[in-house]
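The structure appears below as structure tokens.
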Amino acid sequence: PENVAGDFGYLDTNVPGVFNIINTSGTADFDGAGAIFPGSTTAHLIDNAGNYYEVDIITGQYIPMGTIAPPVGESFTGLEFHPDGRLFGISTDGTTNTSTLSEIDLVGMKANPIGNTGLMLPIALSIDPGGNPFTYDLHDDILYTIELFNALATEVGPLGFDADFGGGMVFDPNTNKTFITSYNPAIGDSQLREVNTNTGMTTVV
């Protein structure tokens, strides 16, 4: 989702500077967290009001499924599927060191909290094929790993730039790399960046 214009689309890694619009966004709220089930054409999205949608990534059609409420006072900022098929979400209240890692039950449409990460503004979530989860925090611009059984966050290292508001993160199996999208106030625009998950440092794609 591109939340300023309200569009849904994709980036071609061969031409990363172009946002290819498929359709308009299907929600009036901020599309804060989403993940594509591996090998499928269906994305699962939860906006900042807790509305849950399935999205056909070919047509961009949003299908309302109901609501999945985050912990009280928080909004979901990242979703990602584990290689074993489980869906995890990270949420935050954005003002204190209160953010929660949850396992998402799509059948029961319920978030089951695992624990407090201790981070203030974790804005995205990715999980590599080894089942290793990562997030980055807008408050301190640092990449973290997270334990899926207790939500403990461990610092990896600084991103190397001032990441700001809406962002996303994904592991790309085609290149075996992790990427983030984030607004960079130093240039007044958003960027696609490759992340070194061993150091935290990012480079502009």
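The values are calculated or read from the model by the stated rules, or taken from the named source; none is laboratory data. Nothing here was measured: the structure is a model prediction, and the numbers come from that model. Neighbour counts run over all protein chains shown; Cβ positions are idealised from the backbone, glycine included. To get the accessible areas, we keep the full protein, side chains included, count just its heavy atoms, and leave off ligands, DNA and RNA. Shrake-Rupley method; radii C 1.70, N 1.55, O 1.52, S 1.80 Å.
Data table
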read-out	value
Residues satisfying the stated conditions in segment 136-146, i.e. assigned to a loop (DSSP other than H, G, I, E, B) and either without any contact (Cβ under 8 Å) to a residue 12 or more places away in the chain or open to solvent by less than 60 Å² (accessible area, probe 1.4 Å) (or both)	L138, D140, D141
A124 more than 26 Å from G160 (Cβ to Cβ), small (G, A, S) and either assigned to a strand (DSSP E or B) or in contact (Cβ under 8 Å) with a residue 24 or more places away in the chain (or both)	no
Residue ID - most open to solvent (accessible area, probe 1.4 Å), chosen from residues in segment 5-40 that are closer than 20 Å to F179 by Cβ and part of a loop (DSSP other than H, G, I, E, B)	N14
Residues satisfying the stated conditions in segment 124-135, i.e. of a type outside the set (D, E), within 15 Å of the chain's Cα centre (by Cα) and open to solvent by 20 Å² or more (accessible area, probe 1.4 Å)	N132
Scope segment 106-118; condition assigned to a loop (DSSP other than H, G, I, E, B) and either open to solvent by less than 10 Å² (accessible area, probe 1.4 Å) or of a type outside the set (A, V, I, L, M, F, W, C) (or both); matching residues	G108, T117, G118
Selection status of T41, under 22 Å from L101 (Cα atoms) and modelled with pLDDT of 95 or more	no
Any chance A35 is under 24 Å from L106 (Cα atoms), in contact (Cβ under 8 Å) with a residue 40 or more places away in the chain and out of contact with any Ser or Thr (no Cβ under 7 Å at 6 or more places or on another chain)	yes
Residues being outside any loop (DSSP other than H, G, I, E, B) and either of a type in the set (S, T, N, Q) or more than 18 Å from the chain's Cα centre (by Cα) (or both) - total across segment 63-91	8
Residues of segment 147-168 satisfying the condition of being open to solvent by 20 Å² or more (accessible area, probe 1.4 Å) and more than 27 Å from S190 (Cβ to Cβ)	E147, L148, F149, N150, L152, T154
Search result, residues across segment 117-166 that are of a type in the set (V, I, T) and in contact with a Leu (Cβ under 8 Å, 6 or more places away or on another chain)	T117, I123, T135, I142, I146, V156
